[in-house]
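The values are calculated or read from the model by the stated rules, or taken from the named source; none is laboratory data. Keep in mind that this is a model prediction, so the values were computed, not measured. For neighbour counting, all protein chains shown are included, and Cβ atoms are generated from backbone atoms with ideal geometry for every residue, glycine included. We work out accessible area using only protein heavy atoms, side chains counted, and drop any ligands, DNA or RNA first. Shrake-Rupley method; radii C 1.70, N 1.55, O 1.52, S 1.80 Å.
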Amino acid sequence: MNEILQYVNVTTSYNAVPVVHDVSFSLGEGEILGIVGESGSGKSTLLKAAMGLLGAGGVVTSGDIWYRGKNLPDLSEEELRRLSGAEIAMVFQQAGASFCPVRRVGAQLYEAVTAHDAISEAEFTDRAAELLHKLRFEDASRILESYPFELSGGMMQRVGIAAAILMNPSVLLADEPTSALDVSVQKQAVEEMCLIRELYHTSIVIVTHNIGVVRAMADRVIVMKEGRIVESGGTRDVLENPAREYTKKLMAAVPKLRLRRGA
Amino acid sequence: MTTPILQVQNLKKIFTRNGQSDFLAVDGVSFDVAPGECVGLIGESGSGKSTVANMIARLLNPTGGQIFLDGEDVTKTDVRAVCRKVQMIFQSPQESFDPRRTLGDGIGESLLTAGEPASETAEEVARLLEAVGLSSDFMCRYPHEVSGGQCQRAAIARALAIEPKLLLCDEATSALDVTVQAEIVSLLSHLMRGHGMACLFICHDIALAQSFCDRILVMYRGKIVEEGLPDEVIQSPKQEYTKMLIDSVL
(Lines give C-alpha, C1' and ligand atoms only; values in the text may rest on other atoms or scores of the structure.)
Protein backbone atom coordinates (compact mmCIF):
# COMPACT_ATOMS: atom_id res chain seq x y z
CA MET A 1 0.00 0.00 0.00
CA ASN A 2 1.31 3.46 -0.89
CA GLU A 3 1.56 5.88 1.97
CA ILE A 4 -0.25 9.16 1.50
CA LEU A 5 0.46 10.77 4.87
CA GLN A 6 3.53 10.12 6.99
CA TYR A 7 4.29 11.39 10.47
CA VAL A 8 8.00 11.10 11.22
CA ASN A 9 9.21 11.66 14.80
CA VAL A 10 6.69 14.44 15.39
CA THR A 11 6.95 16.40 18.63
CA THR A 12 4.60 19.31 19.32
CA SER A 13 4.35 21.72 22.23
CA TYR A 14 1.97 24.30 23.55
CA ASN A 15 3.76 27.26 25.13
CA ALA A 16 7.00 25.28 25.25
CA VAL A 17 5.35 22.34 27.07
CA PRO A 18 5.65 19.21 24.90
CA VAL A 19 2.31 17.41 24.46
CA VAL A 20 3.12 14.95 21.69
CA HIS A 21 6.44 13.15 21.92
CA ASP A 22 8.28 11.66 18.97
CA VAL A 23 5.27 10.14 17.21
CA SER A 24 5.67 8.28 13.92
CA PHE A 25 3.00 6.57 11.85
CA SER A 26 1.67 6.53 8.34
CA LEU A 27 -1.64 6.42 6.55
CA GLY A 28 -1.97 4.25 3.48
CA GLU A 29 -3.95 5.22 0.38
CA GLY A 30 -7.57 4.25 0.89
CA GLU A 31 -6.89 3.22 4.46
CA ILE A 32 -8.96 4.06 7.53
CA LEU A 33 -6.73 4.61 10.55
CA GLY A 34 -8.21 5.02 14.02
CA ILE A 35 -6.46 6.94 16.79
CA VAL A 36 -7.85 6.25 20.25
CA GLY A 37 -6.90 7.42 23.71
CA GLU A 38 -8.20 9.45 26.61
CA SER A 39 -8.72 13.21 26.77
CA GLY A 40 -5.39 14.96 26.76
CA SER A 41 -3.51 12.06 25.16
CA GLY A 42 -2.63 14.22 22.15
CA LYS A 43 -4.81 12.59 19.50
CA SER A 44 -6.47 15.80 18.27
CA THR A 45 -3.16 17.63 18.46
CA LEU A 46 -1.77 15.21 15.87
CA LEU A 47 -4.47 16.16 13.36
CA LYS A 48 -4.21 19.86 14.11
CA ALA A 49 -0.42 19.72 13.68
CA ALA A 50 -0.87 18.55 10.08
CA MET A 51 -3.14 21.44 9.17
CA GLY A 52 -1.40 24.26 11.04
CA LEU A 53 -4.30 24.53 13.46
CA LEU A 54 -2.41 24.30 16.75
CA GLY A 55 -3.28 27.91 17.48
CA ALA A 56 -1.30 30.55 19.35
CA GLY A 57 1.47 28.97 21.39
CA GLY A 58 1.17 25.61 19.62
CA VAL A 59 4.03 24.50 17.42
CA VAL A 60 5.54 21.39 15.79
CA THR A 61 8.95 21.53 17.47
CA SER A 62 10.54 18.66 15.57
CA GLY A 63 9.74 15.99 13.03
CA ASP A 64 8.03 15.99 9.65
CA ILE A 65 4.52 15.37 8.38
CA TRP A 66 4.80 14.34 4.72
CA TYR A 67 1.97 14.60 2.24
CA ARG A 68 2.82 13.93 -1.43
CA GLY A 69 6.40 15.17 -1.14
CA LYS A 70 5.46 18.22 0.92
CA ASN A 71 6.35 18.64 4.58
CA LEU A 72 3.16 20.18 5.96
CA PRO A 73 4.67 22.07 8.94
CA ASP A 74 7.05 23.81 6.50
CA LEU A 75 4.30 25.13 4.23
CA SER A 76 3.23 28.76 4.27
CA GLU A 77 -0.26 29.64 5.44
CA GLU A 78 -1.23 30.29 1.81
CA GLU A 79 0.07 26.89 0.65
CA LEU A 80 -1.76 25.11 3.48
CA ARG A 81 -4.96 26.99 2.71
CA ARG A 82 -4.79 25.72 -0.87
CA LEU A 83 -4.41 22.12 0.29
CA SER A 84 -7.01 22.44 3.00
CA GLY A 85 -10.41 21.21 1.88
CA ALA A 86 -9.24 20.44 -1.65
CA GLU A 87 -6.72 17.72 -0.84
CA ILE A 88 -6.85 17.28 2.92
CA ALA A 89 -10.23 17.91 4.53
CA MET A 90 -11.16 18.05 8.19
CA VAL A 91 -14.35 17.26 10.10
CA PHE A 92 -14.86 18.25 13.72
CA GLN A 93 -17.11 17.14 16.54
CA GLN A 94 -19.67 19.87 15.96
CA ALA A 95 -19.84 20.17 12.18
CA GLY A 96 -23.11 22.05 12.58
CA ALA A 97 -21.28 24.76 14.51
CA SER A 98 -19.04 25.43 11.49
CA PHE A 99 -22.06 26.66 9.55
CA CYS A 100 -23.38 30.20 9.66
CA PRO A 101 -26.86 30.00 11.22
CA VAL A 102 -28.57 32.59 9.02
CA ARG A 103 -27.56 31.33 5.58
CA ARG A 104 -28.79 28.30 3.69
CA VAL A 105 -26.60 25.18 3.77
CA GLY A 106 -26.21 24.99 0.00
CA ALA A 107 -25.11 28.63 -0.35
CA GLN A 108 -22.42 28.15 2.30
CA LEU A 109 -21.07 25.00 0.70
CA TYR A 110 -21.00 26.74 -2.68
CA GLU A 111 -18.93 29.55 -1.19
CA ALA A 112 -16.47 27.05 0.28
CA VAL A 113 -16.10 25.26 -3.05
CA THR A 114 -15.57 28.48 -5.04
CA ALA A 115 -12.59 29.26 -2.81
CA HIS A 116 -10.81 26.47 -4.70
CA ASP A 117 -12.71 25.94 -7.88
CA ALA A 118 -14.39 28.23 -10.43
CA ILE A 119 -17.70 26.50 -10.99
CA SER A 120 -21.18 27.85 -11.56
CA GLU A 121 -23.82 27.59 -8.87
CA ALA A 122 -25.91 25.28 -11.06
CA GLU A 123 -22.95 22.97 -11.64
CA PHE A 124 -22.21 23.00 -7.90
CA THR A 125 -25.82 22.17 -7.01
CA ASP A 126 -25.74 19.18 -9.35
CA ARG A 127 -22.46 17.99 -7.89
CA ALA A 128 -23.62 18.42 -4.28
CA ALA A 129 -26.97 16.75 -4.93
CA GLU A 130 -25.25 13.83 -6.62
CA LEU A 131 -22.83 13.42 -3.72
CA LEU A 132 -25.61 13.53 -1.11
CA HIS A 133 -27.61 11.08 -3.16
CA LYS A 134 -24.67 8.67 -3.38
CA LEU A 135 -24.20 8.97 0.37
CA ARG A 136 -27.82 7.90 0.78
CA PHE A 137 -29.36 11.16 1.96
CA GLU A 138 -33.04 11.01 1.26
CA ASP A 139 -33.83 14.52 0.14
CA ALA A 140 -30.69 16.24 -1.12
CA SER A 141 -32.31 19.37 -2.54
CA ARG A 142 -34.28 20.01 0.65
CA ILE A 143 -31.06 19.77 2.69
CA LEU A 144 -29.24 22.24 0.45
CA GLU A 145 -32.12 24.70 0.70
CA SER A 146 -32.39 24.41 4.49
CA TYR A 147 -30.98 26.69 7.15
CA PRO A 148 -28.73 24.82 9.61
CA PHE A 149 -31.27 25.14 12.45
CA GLU A 150 -33.91 23.42 10.34
CA LEU A 151 -31.90 20.20 10.36
CA SER A 152 -31.26 18.01 13.42
CA GLY A 153 -27.81 17.91 15.01
CA GLY A 154 -27.25 14.43 13.64
CA MET A 155 -28.28 15.45 10.12
CA MET A 156 -25.98 18.50 10.26
CA GLN A 157 -23.10 16.28 11.30
CA ARG A 158 -23.76 13.93 8.37
CA VAL A 159 -24.01 16.92 6.04
CA GLY A 160 -20.73 18.24 7.49
CA ILE A 161 -18.99 14.96 6.68
CA ALA A 162 -20.41 14.98 3.15
CA ALA A 163 -19.40 18.64 2.72
CA ALA A 164 -15.81 17.79 3.66
CA ILE A 165 -15.49 15.55 0.62
CA LEU A 166 -17.22 17.85 -1.89
CA MET A 167 -13.81 18.70 -3.37
CA ASN A 168 -12.91 15.00 -3.48
CA PRO A 169 -9.90 15.29 -1.16
CA SER A 170 -7.41 12.42 -0.89
CA VAL A 171 -7.34 12.58 2.90
CA LEU A 172 -10.09 13.14 5.44
CA LEU A 173 -9.03 13.99 8.98
CA ALA A 174 -11.98 13.41 11.31
CA ASP A 175 -11.74 14.63 14.91
CA GLU A 176 -14.41 12.97 17.11
CA PRO A 177 -16.95 13.22 14.28
CA THR A 178 -19.51 11.00 16.00
CA SER A 179 -19.00 11.84 19.66
CA ALA A 180 -21.91 14.26 19.99
CA LEU A 181 -24.35 11.91 18.29
CA ASP A 182 -26.94 9.42 19.51
CA VAL A 183 -26.12 5.78 18.84
CA SER A 184 -28.49 5.46 15.88
CA VAL A 185 -27.11 8.55 14.11
CA GLN A 186 -23.59 7.59 15.13
CA LYS A 187 -24.02 4.36 13.22
CA GLN A 188 -25.24 6.26 10.15
CA ALA A 189 -22.23 8.61 10.29
CA VAL A 190 -19.84 5.64 10.54
CA GLU A 191 -21.54 3.98 7.56
CA GLU A 192 -21.30 7.26 5.65
CA MET A 193 -17.52 7.42 6.18
CA CYS A 194 -17.09 3.78 5.14
CA LEU A 195 -19.11 4.51 2.01
CA ILE A 196 -16.92 7.54 1.25
CA ARG A 197 -13.85 5.33 1.32
CA GLU A 198 -15.55 2.75 -0.86
CA LEU A 199 -16.81 5.27 -3.46
CA TYR A 200 -13.94 7.76 -3.54
CA HIS A 201 -11.00 5.78 -2.18
CA THR A 202 -10.50 8.54 0.42
CA SER A 203 -7.89 7.85 3.10
CA ILE A 204 -9.32 8.60 6.54
CA VAL A 205 -7.82 9.25 9.96
CA ILE A 206 -10.46 9.08 12.66
CA VAL A 207 -9.65 10.35 16.12
CA THR A 208 -12.13 9.18 18.74
CA HIS A 209 -12.42 7.98 22.30
CA ASN A 210 -15.17 5.61 21.19
CA ILE A 211 -13.70 2.13 20.78
CA GLY A 212 -16.91 0.88 19.11
CA VAL A 213 -16.54 3.42 16.30
CA VAL A 214 -12.95 2.37 15.67
CA ARG A 215 -13.89 -1.31 15.73
CA ALA A 216 -16.65 -0.66 13.18
CA MET A 217 -14.59 1.25 10.64
CA ALA A 218 -10.81 1.30 11.10
CA ASP A 219 -8.36 -1.04 9.36
CA ARG A 220 -5.59 -0.18 11.78
CA VAL A 221 -5.56 1.50 15.16
CA ILE A 222 -3.11 3.55 17.18
CA VAL A 223 -3.52 3.78 20.97
CA MET A 224 -2.17 6.98 22.50
CA LYS A 225 -1.44 7.89 26.09
CA GLU A 226 0.17 11.06 27.41
CA GLY A 227 1.39 12.13 23.98
CA ARG A 228 2.99 8.82 23.04
CA ILE A 229 1.92 5.82 20.97
CA VAL A 230 1.59 2.88 23.36
CA GLU A 231 0.37 0.33 20.85
CA SER A 232 -0.57 0.05 17.19
CA GLY A 233 -1.61 -2.63 14.76
CA GLY A 234 -4.56 -4.20 12.98
CA THR A 235 -7.83 -3.14 14.63
CA ARG A 236 -8.91 -6.65 15.55
CA ASP A 237 -5.47 -7.61 16.94
CA VAL A 238 -5.15 -4.52 19.10
CA LEU A 239 -8.72 -4.47 20.41
CA GLU A 240 -9.08 -8.19 20.99
CA ASN A 241 -5.55 -9.13 22.03
CA PRO A 242 -4.03 -5.96 23.43
CA ALA A 243 -0.35 -6.38 24.25
CA ARG A 244 0.10 -3.38 26.52
CA GLU A 245 -1.24 -3.00 30.04
CA TYR A 246 -2.72 0.39 29.22
CA THR A 247 -4.66 -0.92 26.22
CA LYS A 248 -5.93 -3.82 28.34
CA LYS A 249 -7.15 -1.36 31.00
CA LEU A 250 -8.80 0.81 28.34
CA MET A 251 -10.59 -2.17 26.80
CA ALA A 252 -11.72 -3.43 30.19
CA ALA A 253 -13.32 -0.06 30.97
CA VAL A 254 -15.51 -0.08 27.83
CA PRO A 255 -19.06 -1.15 28.77
CA LYS A 256 -20.06 -4.12 26.64
CA LEU A 257 -23.56 -5.09 25.67
CA ARG A 258 -24.59 -8.58 26.86
CA LEU A 259 -26.70 -9.75 23.97
CA ARG A 260 -27.11 -13.38 24.91
CA ARG A 261 -28.17 -14.95 28.15
CA GLY A 262 -25.22 -15.74 30.34
CA ALA A 263 -22.83 -14.06 27.89
CA MET B 1 -43.69 -4.37 49.37
CA THR B 2 -41.88 -1.21 50.39
CA THR B 3 -43.27 2.20 49.46
CA PRO B 4 -41.43 3.61 46.43
CA ILE B 5 -39.12 6.54 47.13
CA LEU B 6 -40.28 8.07 43.85
CA GLN B 7 -43.64 7.73 42.14
CA VAL B 8 -44.19 9.43 38.81
CA GLN B 9 -47.76 9.36 37.53
CA ASN B 10 -48.94 10.39 34.09
CA LEU B 11 -46.34 13.16 33.94
CA LYS B 12 -46.66 15.69 31.10
CA LYS B 13 -44.63 18.67 29.98
CA ILE B 14 -45.55 21.00 27.17
CA PHE B 15 -43.05 23.66 26.12
CA THR B 16 -44.71 26.67 24.57
CA ARG B 17 -42.69 28.49 21.98
CA ASN B 18 -43.49 32.11 21.26
CA GLY B 19 -46.46 32.19 18.97
CA GLN B 20 -45.61 28.74 17.65
CA SER B 21 -47.07 25.33 18.15
CA ASP B 22 -46.61 23.72 21.55
CA PHE B 23 -44.10 20.95 21.94
CA LEU B 24 -45.10 17.91 23.96
CA ALA B 25 -41.75 16.92 25.50
CA VAL B 26 -43.06 14.45 28.09
CA ASP B 27 -46.26 12.64 27.28
CA GLY B 28 -47.88 10.71 30.12
CA VAL B 29 -44.87 9.11 31.79
CA SER B 30 -45.43 6.86 34.82
CA PHE B 31 -42.89 4.83 36.80
CA ASP B 32 -41.70 4.09 40.35
CA VAL B 33 -38.28 3.86 41.93
CA ALA B 34 -37.91 1.71 45.06
CA PRO B 35 -35.58 2.71 47.91
CA GLY B 36 -32.01 1.78 47.01
CA GLU B 37 -32.99 0.86 43.46
CA CYS B 38 -31.05 2.04 40.41
CA VAL B 39 -33.31 2.71 37.45
CA GLY B 40 -31.83 3.50 34.05
CA LEU B 41 -33.61 5.91 31.72
CA ILE B 42 -32.33 5.53 28.17
CA GLY B 43 -33.31 6.97 24.81
CA GLU B 44 -32.05 9.38 22.16
CA SER B 45 -31.51 13.15 22.48
CA GLY B 46 -34.81 14.97 22.61
CA SER B 47 -36.75 11.97 23.91
CA GLY B 48 -37.57 13.83 27.15
CA LYS B 49 -35.24 12.09 29.63
CA SER B 50 -33.72 15.25 31.09
CA THR B 51 -37.10 17.00 31.19
CA VAL B 52 -38.39 14.17 33.40
CA ALA B 53 -35.38 14.55 35.74
CA ASN B 54 -35.70 18.33 35.83
CA MET B 55 -39.34 18.07 36.86
CA ILE B 56 -38.48 15.60 39.64
CA ALA B 57 -35.85 18.01 40.97
CA ARG B 58 -38.34 20.90 40.64
CA LEU B 59 -36.18 22.72 38.14
CA LEU B 60 -39.24 22.67 35.87
CA ASN B 61 -42.93 22.59 36.67
CA PRO B 62 -44.95 19.79 35.09
CA THR B 63 -47.84 20.66 32.78
CA GLY B 64 -49.75 17.68 34.12
CA GLY B 65 -49.44 14.57 36.25
CA GLN B 66 -47.92 14.02 39.66
CA ILE B 67 -44.58 13.30 41.27
CA PHE B 68 -44.44 11.84 44.76
CA LEU B 69 -41.15 11.89 46.56
CA ASP B 70 -41.15 9.82 49.72
CA GLY B 71 -44.96 10.03 49.61
CA GLU B 72 -45.09 13.83 49.28
CA ASP B 73 -46.33 15.67 46.20
CA VAL B 74 -43.24 17.44 44.83
CA THR B 75 -45.13 20.30 43.18
CA LYS B 76 -46.71 21.18 46.52
CA THR B 77 -43.47 20.92 48.50
CA ASP B 78 -41.02 23.75 49.17
CA VAL B 79 -38.05 23.61 46.76
CA ARG B 80 -35.58 23.44 49.65
CA ALA B 81 -37.38 20.46 51.10
CA VAL B 82 -37.20 18.73 47.70
CA CYS B 83 -33.45 19.44 47.55
CA ARG B 84 -32.95 17.63 50.85
CA LYS B 85 -34.28 14.44 49.32
CA VAL B 86 -33.10 14.66 45.72
CA GLN B 87 -29.73 15.71 44.43
CA MET B 88 -28.77 15.99 40.82
CA ILE B 89 -25.48 15.23 39.09
CA PHE B 90 -25.03 16.73 35.64
CA GLN B 91 -23.02 15.97 32.55
CA SER B 92 -20.58 18.89 32.85
CA PRO B 93 -19.37 19.09 36.45
CA GLN B 94 -17.22 22.13 35.73
CA GLU B 95 -20.33 24.08 34.79
CA SER B 96 -22.20 23.05 37.92
CA PHE B 97 -19.66 24.74 40.23
CA ASP B 98 -19.25 28.49 40.58
CA PRO B 99 -16.00 29.21 38.66
CA ARG B 100 -14.94 31.90 41.16
CA ARG B 101 -15.30 29.75 44.26
CA THR B 102 -13.37 26.70 45.38
CA LEU B 103 -14.77 23.19 45.31
CA GLY B 104 -14.68 23.28 49.12
CA ASP B 105 -16.95 26.37 49.11
CA GLY B 106 -19.40 24.64 46.80
CA ILE B 107 -19.58 21.51 48.91
CA GLY B 108 -19.70 23.60 52.11
CA GLU B 109 -22.70 25.53 50.87
CA SER B 110 -24.50 22.26 50.32
CA LEU B 111 -23.72 21.29 53.94
CA LEU B 112 -25.09 24.58 55.29
CA THR B 113 -28.27 23.98 53.31
CA ALA B 114 -28.49 20.58 54.96
CA GLY B 115 -28.34 22.31 58.35
CA GLU B 116 -24.75 21.47 59.29
CA PRO B 117 -23.28 24.02 61.76
CA ALA B 118 -20.79 26.34 60.00
CA SER B 119 -18.07 25.52 62.54
CA GLU B 120 -17.88 21.91 61.40
CA THR B 121 -18.07 22.51 57.65
CA ALA B 122 -14.36 22.20 56.82
CA GLU B 123 -14.01 18.90 58.63
CA GLU B 124 -17.14 17.54 57.00
CA VAL B 125 -16.05 18.69 53.50
CA ALA B 126 -12.77 16.81 54.00
CA ARG B 127 -14.68 13.70 55.03
CA LEU B 128 -16.96 13.93 51.97
CA LEU B 129 -14.00 14.42 49.64
CA GLU B 130 -12.37 11.36 51.12
CA ALA B 131 -15.58 9.38 50.54
CA VAL B 132 -15.35 10.14 46.81
CA GLY B 133 -11.64 9.38 46.65
CA LEU B 134 -10.20 12.91 46.68
CA SER B 135 -7.63 14.24 49.17
CA SER B 136 -8.57 17.23 51.31
CA ASP B 137 -6.25 19.44 49.18
CA PHE B 138 -9.04 19.55 46.61
CA MET B 139 -11.00 21.76 49.00
CA CYS B 140 -8.89 24.74 47.94
CA ARG B 141 -8.97 24.06 44.22
CA TYR B 142 -11.11 25.88 41.66
CA PRO B 143 -13.23 23.94 39.13
CA HIS B 144 -10.85 24.82 36.26
CA GLU B 145 -7.87 23.48 38.20
CA VAL B 146 -9.07 19.88 38.29
CA SER B 147 -9.80 17.25 35.64
CA GLY B 148 -13.34 16.40 34.51
CA GLY B 149 -13.30 13.16 36.49
CA GLN B 150 -12.05 14.87 39.67
CA CYS B 151 -14.66 17.59 39.29
CA GLN B 152 -17.41 14.98 38.88
CA ARG B 153 -16.20 13.32 42.09
CA ALA B 154 -16.49 16.71 43.84
CA ALA B 155 -20.02 17.10 42.43
CA ILE B 156 -20.89 13.69 43.89
CA ALA B 157 -19.44 14.79 47.26
CA ARG B 158 -21.63 17.91 47.11
CA ALA B 159 -24.69 15.76 46.42
CA LEU B 160 -23.78 13.38 49.28
CA ALA B 161 -23.54 16.28 51.74
CA ILE B 162 -27.33 16.41 51.78
CA GLU B 163 -27.63 12.64 52.30
CA PRO B 164 -30.36 12.48 49.67
CA LYS B 165 -32.66 9.53 49.25
CA LEU B 166 -32.54 9.80 45.48
CA LEU B 167 -29.74 10.73 43.12
CA LEU B 168 -30.65 11.99 39.67
CA CYS B 169 -27.68 11.37 37.38
CA ASP B 170 -28.25 13.15 34.07
CA GLU B 171 -25.57 11.82 31.71
CA ALA B 172 -23.22 12.01 34.69
CA THR B 173 -20.48 10.02 32.99
CA SER B 174 -21.09 10.87 29.32
CA ALA B 175 -18.38 13.52 29.12
CA LEU B 176 -15.77 11.34 30.79
CA ASP B 177 -13.20 8.97 29.34
CA VAL B 178 -14.14 5.31 29.60
CA THR B 179 -11.53 4.56 32.27
CA VAL B 180 -12.76 7.51 34.36
CA GLN B 181 -16.36 6.52 33.68
CA ALA B 182 -15.61 3.06 35.08
CA GLU B 183 -14.20 4.65 38.26
CA ILE B 184 -17.17 7.00 38.73
CA VAL B 185 -19.73 4.23 38.12
CA SER B 186 -18.05 1.99 40.67
CA LEU B 187 -17.91 4.91 43.14
CA LEU B 188 -21.64 5.57 42.62
CA SER B 189 -22.57 1.96 43.11
CA HIS B 190 -20.42 1.73 46.27
CA LEU B 191 -22.03 4.91 47.68
CA MET B 192 -25.56 3.80 46.80
CA ARG B 193 -25.05 0.55 48.68
CA GLY B 194 -23.44 2.31 51.64
CA HIS B 195 -26.11 5.01 51.99
CA GLY B 196 -29.12 3.08 50.71
CA MET B 197 -29.65 5.77 48.06
CA ALA B 198 -31.83 5.18 45.04
CA CYS B 199 -30.77 6.46 41.65
CA LEU B 200 -32.40 7.50 38.41
CA PHE B 201 -29.56 7.04 35.94
CA ILE B 202 -30.11 8.86 32.65
CA CYS B 203 -27.74 7.86 29.91
CA HIS B 204 -27.61 7.09 26.22
CA ASP B 205 -25.02 4.34 26.58
CA ILE B 206 -27.11 1.20 26.57
CA ALA B 207 -24.28 -1.12 27.54
CA LEU B 208 -23.50 1.06 30.56
CA ALA B 209 -27.16 1.06 31.64
CA GLN B 210 -27.27 -2.71 31.28
CA SER B 211 -24.26 -3.24 33.52
CA PHE B 212 -25.11 -0.59 36.13
CA CYS B 213 -28.88 -0.51 36.55
CA ASP B 214 -31.41 -2.81 38.26
CA ARG B 215 -34.13 -1.88 35.81
CA ILE B 216 -34.31 0.01 32.50
CA LEU B 217 -36.92 2.38 31.06
CA VAL B 218 -36.69 3.21 27.35
CA MET B 219 -38.01 6.64 26.35
CA TYR B 220 -38.93 7.71 22.84
CA ARG B 221 -40.67 10.91 21.82
CA GLY B 222 -41.84 11.73 25.33
CA LYS B 223 -43.18 8.29 26.20
CA ILE B 224 -41.80 5.26 27.99
CA VAL B 225 -42.03 2.66 25.24
CA GLU B 226 -40.51 -0.29 27.08
CA GLU B 227 -39.34 -1.25 30.56
CA GLY B 228 -37.98 -4.26 32.36
CA LEU B 229 -34.89 -5.91 33.77
CA PRO B 230 -31.79 -4.84 31.82
CA ASP B 231 -31.08 -8.26 30.32
CA GLU B 232 -34.75 -8.72 29.46
CA VAL B 233 -35.00 -5.40 27.61
CA ILE B 234 -31.69 -5.77 25.81
CA GLN B 235 -31.77 -9.48 25.02
CA SER B 236 -35.42 -9.71 24.03
CA PRO B 237 -36.70 -6.22 23.20
CA LYS B 238 -40.40 -6.09 22.41
CA GLN B 239 -40.61 -2.73 20.67
CA GLU B 240 -39.21 -1.91 17.23
CA TYR B 241 -37.66 1.25 18.60
CA THR B 242 -35.74 -0.62 21.30
CA LYS B 243 -34.55 -3.16 18.71
CA MET B 244 -33.29 -0.35 16.46
CA LEU B 245 -31.53 1.30 19.40
CA ILE B 246 -29.76 -1.94 20.34
CA ASP B 247 -28.84 -2.72 16.73
CA SER B 248 -27.16 0.68 16.48
CA VAL B 249 -24.64 -0.06 19.22
CA LEU B 250 -21.26 -0.41 17.56
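At a glance:
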read-out	value
Computed label-point distance, nm, for sites A:K256 and B:D73 using a 7 Å Cα→Cβ extension	5.0
Selection from A:L33, B:A209, A:V185, by position along the positive dipole direction of the protein assembly as shown (Cβ)	B:A209
DSSP bridge pairs, region A:131-247: antiparallel proportion in percent, nearest 5	55
Nearest-10 value in Å² for the accessible area of A:D64, using the 1.4 Å probe	50
Geometric extent, Cα atoms of region B:1-70 - Rg, Dmax (angstrom)	13.1, 48
Unit charges at the beta carbon, dipole of chain B: most positive-side option, B:V125, B:N10, B:V233	B:N10
Nearest-ten-degree value, helix B:178-195 long axis tilted from longest Cα axis of chain B	80
Protection proxy ranking, peptides B:166-172, A:99-105, average beta carbon neighbours within 10 Å, highest first	B:166-172, A:99-105
Sequence-separation-based contact order of chain B, relative, with Cα cut under 8 Å and 6+ spacing, percent	26
Cut-off 12 Å, label 7 Å out along Cα→Cβ of A:K249, residues of region A:21-54 by amide N	A:38
Chain A: antiparallel DSSP beta bridges as a percent of all, rounded to 5	55
Net +/- balance of residues flanking B:V233 in space, Cβ distance below 10 Å, scoring K and R +1, D and E -1	-2
Integer Hz, Karplus 6.51/-1.76/1.60 couplings in order for region B:90-100, x for Gly and Pro	9, 5, 10, x, 4, 7, 8, 10, 5, x, 9
HN-Hα J in Hz across region A:63-68 - Karplus 6.51, -1.76, 1.60, θ = phi - 60°, x for Gly and Pro	x, 10, 10, 8, 9, 6
Accessible surface buried once B binds A (1.4 Å probe; total of both sides; Å²)	2200
Nearest-20 debye value, region B:201-250 charge dipole, Cβ charges on Lys, Arg, Asp, Glu	200
Residues with amide H under 5 Å from that of B:L11, placed H, sequence gap 5 or more	B:G28, B:V29, B:S30, B:Q66
Environment charge of A:R244, counting only residues whose C-beta is closer than 10 Å and scoring Lys/Arg +1, Asp/Glu -1	+1
Tail fraction, Cα-Cα pairs, region A:197-248, threshold 18 Å, whole percent	30
Percentage, to the nearest whole number, of Cα pairs in region B:107-250 over 25 Å apart	37
Relative contact order %, region A:71-184, counting alpha carbon pairs below 8 Å whose residues are six or more apart	48
For region A:1-65, radius of gyration divided by Kirkwood radius, i.e. Rg to Rh on alpha-carbons	0.97
Region A:1-159: C-alpha gyration tensor shape, a/c 1.5 cut-off, then a/b vs b/c	prolate
Over the protein assembly as shown, volume per residue of the alpha carbon convex hull, in Å³	173
Column: log10 I(q)/I(0), Debye, Cα scatterers of chain B, q = 0.12, 0.13 Å⁻¹	-0.70, -0.82
Relative contact order (%) - chain A, alpha-carbon pairs under 8 angstrom, separation at least six	26
In nm, spacing of pseudo-spin labels at A:R236 and B:R141 (7 Å Cα→C-beta vector)	4.2
Chain B: angle of helix B:103-113 to the longest principal axis, Cα-based, in degrees nearest 10	80
Amide H contacts under 5 Å for A:I32, placed H, 5+ residues apart	A:I204, A:D219, A:R220
Percentage of interatomic Cα-Cα distances in region B:98-163 larger than 14 Å	47
Residues with amide H under 5 Å from that of A:L5, placed H, sequence gap 5 or more	A:L27
³J(HN,Hα) computed for each position of region B:237-244 - Karplus, 6.51 cos²θ - 1.76 cosθ + 1.60, integer Hz, glycine/proline x	x, 9, 9, 4, 4, 4, 4, 4
Protein-only accessible surface order, largest first, of B:K223, B:K12 at 1.4 Å	B:K223, B:K12
DSSP beta bridge pairing in chain B, given as percent antiparallel to the nearest 5	55
Over 24 Å (Cα to Cα) - which of A:K249/B:K165; A:K256/B:K85; A:K256/B:K238 fall in this group	A:K249/B:K165; A:K256/B:K85
Segment A:N15-A:E121, length gained on full extension (0.36 nm per residue, minus Cα span)	33.8 nm
